[in-house]
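Working notes, structure below.
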Amino acid sequence: MYAKVAEERLGVEVVDGQYHFPTRKGQNQRVVYDRDEMSRLEDLLELLLDGVVRGHFVPTNDPEDCKYCDFSDICRARRGKYGKVYSPLAAWAKDHTGDVVSPEFEQFQKVRSFEK
């Protein structure tokens, strides 16, 4: 998003974008996106914002996502032995993202496809 604005305002071509994880948990990791990947990120942002506008706030279907979520207590997610995460809501979502998918989960699956 910032790259697009920089191109429009400054009249220059942005060759890549970077996302920094400056926290201890993020270990200062840096992810670099080239120009092609940045255009995909615009599509992802549009998809995410469309879900918000429609009020589609579906739970994750991967309990590992709950490790870093500030709201895991609300969903009753907990860590078991050896750091494994248990989340009833993520288990429910996993059961409901099969072959027949509601529009809300279909959108969620499109978002997940960007991770691959």
Open item on the list: Run the reach check for Lys81 against lysines, Cα to Cα strictly under 19 Å, same-chain hits fewer than 8 apart removed. What comes back?
Closed with: Lys67
Task: Extreme residue, positive dipole direction of segment 58-116, given options Cys69, Ala93, Val58 (C-beta unit charges) - done: Cys69
Open item on the list: In Å, what Kirkwood hydrodynamic radius results for segment 1-55 from the alpha-carbon pair distances?
Closed with: 12.8 Å
TODO: Compute the distance in nm between two label points, each set 7 Å from the Cα along the Cα-to-Cβ direction, one at Arg24 and one at Leu48.
DONE: 2.5 nm
TODO: Between Val14 and Glu64, with labels modelled 7 Å along Cα→Cβ, what's the label distance in nm to one decimal, could you check?
DONE: 2.9 nm
Task: Cα-projected label distance for Met38 with Phe71, points at 7 Å along beta-carbon direction, nm - done: 3.1 nm
TODO: Could you sort out which of Lys25/Lys94; Lys25/Lys84; Lys84/Lys110 sit more than 23 Å apart by Cα distance in this structure?
DONE: Lys25/Lys94; Lys84/Lys110
Task: Sequence of Tyr86, Tyr68 once ranked by neighbouring C-beta atoms within 10 Å, starting from the fewest - done: Tyr68, Tyr86
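Every read-out reported here was derived from the displayed coordinates using simple, explicitly stated rules and does not represent laboratory data. Here the structure is a predicted model, which is why all the values come from computation and not from measurement. Note that we place each Cβ from the backbone using ideal geometry, even for glycine, and neighbour counts take in every protein chain shown.
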